[in-house]
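Working notes, beginning with the structure itself.
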Amino acid sequence: MRIYLVGGAVRDKLLGRTVADRDHVVVGARPEELLAQGYRPVGKDFPVFLHPRTGEEYALARTERKTGHGYHGFAFHADPGVTLEEDLARRDLTINAMAEAEDGSLVDPFDGARDLERRLLRHVSPAFVEDPVRLLRVARFAARFAPLGFSVAPETMALMQQMVRDGEVDHLVPERVWQETRKALGEAQPSAFLRVLRESGALAVLFPEVDALYGVPQRAEFHPEIDTGLHVEMVLDMAARIAPGSDVVGFCALTHDLGKALTPADVLPRHLGHEHAGVAPLQRLVARLKVPTEHATLAEQVCREHLNAHRAFELKPATVLRLLSSLDALRRPERLALFLAACEADKRGRLGHEHDAYPQAAYLRQARDAAAAVSSAPFVARGLQGPAIGEAMAAARVAAIAALCRPLA
């Protein structure tokens, strides 16, 4: 029995990055041998075990054979005769198909280390086309490693384009699309995720609402980048800077301007009412991908209200209170923080505006604190009851917001 560290742990170690997860492959062993040593089985489709002390994953070396469409259309074979090279050959990218032996030596049959140096995301074998999830994974790795200068190898992009033409992407289940998308939105440069999907043709299949934004013009005095699709890319990357790792803010950034794709041609480049028009396509996307409620709810609020956040200094105190109440910000200030991060990303995600200040965020936080400080106690003491208490508290909150100092609109 021989044990190897494999996959992302080897890749990240060579890149000098922090190793988060350590996965292992066991060659020359049967399940009974691992069970006898105290390993706990967890794999449903193939033999995977957890180490009795570290909890790290140990999988028996295996091969796979395509049996049908989609992610589940595979048959797996694991026995002591499967070699390490055969196990590595079934992996997606060369940089993920390396192993480290127990003596520290590198096993690299597909030149993954060389591709790390060349900053290339390259497929291991033609079998790459058999699993459509791999297309999403490549786009996600692009989002992670784009800041290091990585790009997709031309021959790999050609395979991905072929997968889209062959309809393999159509068999992706919503849960896997969302799982990979959610991870990509939390990466350092999510715009690369969109660009890779778009170049492969998969964006139009998986995210037609987002794909439709490319080529839609905006007013150059407000959006020097002009193209709405490029704006969304910039907002995504700004969101990653403002709220690192937050896939919730990332999803809000991705979907905040979907309504601009619906603007009539004779109105362009203006987008009157796009914040309300964007709700319907957002809801379709959410339903199709089974997006979690937390993401969906906040994304809809950002879609509807981001312009109000931008013009916060112009809003009447009562309108500010309505905005805060719609976010449930008085009870849940963390919701306001996420909302403001997405709105700030929108405002700064424009060509030449990356370093703009966003004082609206500080004002809305102050307004929230002032409103939340209003208590029902004095009104109860005055003998008010029922709805009268709520009305009096609302009036007091409006007055508290009105008393705040704010820049002139």
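The values are calculated or read from the model by the stated rules, or taken from the named source; none is laboratory data. Quick caveat, the model's predicted, so the values are computed rather than measured. Positions of Cβ are generated from backbone atoms using ideal geometry, with glycine treated the same way; all protein chains shown enter the neighbour counts. Ligands, DNA and RNA are excluded from the accessible area calculation, which covers all protein heavy atoms including side chains. Shrake-Rupley method; radii C 1.70, N 1.55, O 1.52, S 1.80 Å.
List of remarks:
- Selection from region 226-257 of residues that are open to solvent by 10 Å² or more (accessible area, probe 1.4 Å) and under 22 Å from Ala277 (Cα atoms): Ile226, Asp227, Leu230, Glu233, Met234, Val248
- Qualifying residue in region 289-296 (condition: open to solvent by 20 Å² or more (accessible area, probe 1.4 Å), at pLDDT 95 or above, closer than 30 Å to Val169 by Cα and assigned to a helix (DSSP H, G or I)): yes
- Of everything listed in (1) without any contact (Cβ under 8 Å) to a residue 60 or more places away in the chain; (2) surrounded by 17 or more Cβ atoms within 10 Å (Cβ to Cβ), the single unmet condition for His223 is (1).
- Matching residues in region 161-184 - criterion: being of a type outside the set (S, T, N, Q) and under 20 Å from the mean Cα position of the chain (by Cα): Val169, Leu172, Val173, Pro174, Glu175, Arg176, Val177, Trp178, Glu180, Arg182, Lys183, Ala184
- Residues satisfying the stated conditions in region 370-386, i.e. assigned to a helix (DSSP H, G or I) and surrounded by 14 or more Cβ atoms within 10 Å (Cβ to Cβ): Ala370, Ala371, Ala372, Phe379
- Odd one out for Gly70, checked against (1) open to solvent by less than 20 Å² (accessible area, probe 1.4 Å); (2) modelled with pLDDT of 90 or more; (3) under 30 Å from Phe150 (Cα atoms): (2)
- Within region 6-24, tally of residues that are touching a strand residue (DSSP E or B) at 6+ places or on another chain (Cβ under 7 Å) and under 14 Å from Gly55 (Cα atoms): 3
- Residue match in region 316-328 (condition: of a type in the set (A, V, I, L, M), open to solvent by less than 20 Å² (accessible area, probe 1.4 Å) and touching a Phe, Trp or Tyr at 6+ places or on another chain (Cβ under 7 Å)): yes
- Matching residues in region 81-92 - criterion: being touching a residue at least 60 places away in the same chain (Cβ under 8 Å) and within 24 Å of Leu197 (Cβ to Cβ): Arg91
- Filter result (within 29 Å of Glu175 (Cα to Cα), open to solvent by 60 Å² or more (accessible area, probe 1.4 Å) and either of a type in the set (S, T, N, Q) or in contact (Cβ under 8 Å) with a residue 40 or more places away in the chain (or both)) within region 258-284: Gln283, Arg284
- Count of region 342-352 residues, restricted to those that are open to solvent by 10 Å² or more (accessible area, probe 1.4 Å), touching a helix residue (DSSP H, G or I) at 6+ places or on another chain (Cβ under 8 Å) and touching a residue at least 40 places away in the same chain (Cβ under 8 Å), is 5.
- Matching residues, region 96-130, being in contact (Cβ under 8 Å) with a residue 40 or more places away in the chain and surrounded by fewer than 22 Cβ atoms within 10 Å (Cβ to Cβ): Asn96, Glu100, Ala101, Glu102, Leu106, Val107, Ala113, Leu116, Ala127, Glu130
- Pair list, Cβ under 6 Å, 6 or more apart: region 237-248 residue within 14 Å of Ser191 (Cα to Cα) and in a helix (DSSP H, G or I), other residue of a type outside the set (Gly, Ala, Ser) and at pLDDT 95 or above: Asp237/Gln189; Met238/Arg348; Ala239/Val249; Ala240/Pro190; Asp247/Arg182; Asp247/Leu185
- Single condition Ala287 does not satisfy, out of (1) closer than 17 Å to Gln218 by Cα; (2) of a type outside the set (Ser, Thr, Tyr); (3) free of Cβ contacts under 8 Å to residues at least 12 places away in the same chain: (1)
- Pair list, Cβ under 6 Å, 6 or more apart: region 12-29 residue on the phi > 0 side of the Ramachandran plot, other residue basic (Lys, Arg) and modelled with pLDDT of 90 or more: Gly28/Arg2
A quick yes/no check of all residues on (1) within 26 Å of Ala184 (Cα to Cα); (2) out of contact with any Asp or Glu (no Cβ under 7 Å at 6 or more places or on another chain):
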residue: Gly273; (1), (2): no, yes
residue: Arg288; (1), (2): yes, yes
residue: Val302; (1), (2): yes, yes
residue: Glu314; (1), (2): no, yes
residue: Lys347; (1), (2): yes, no
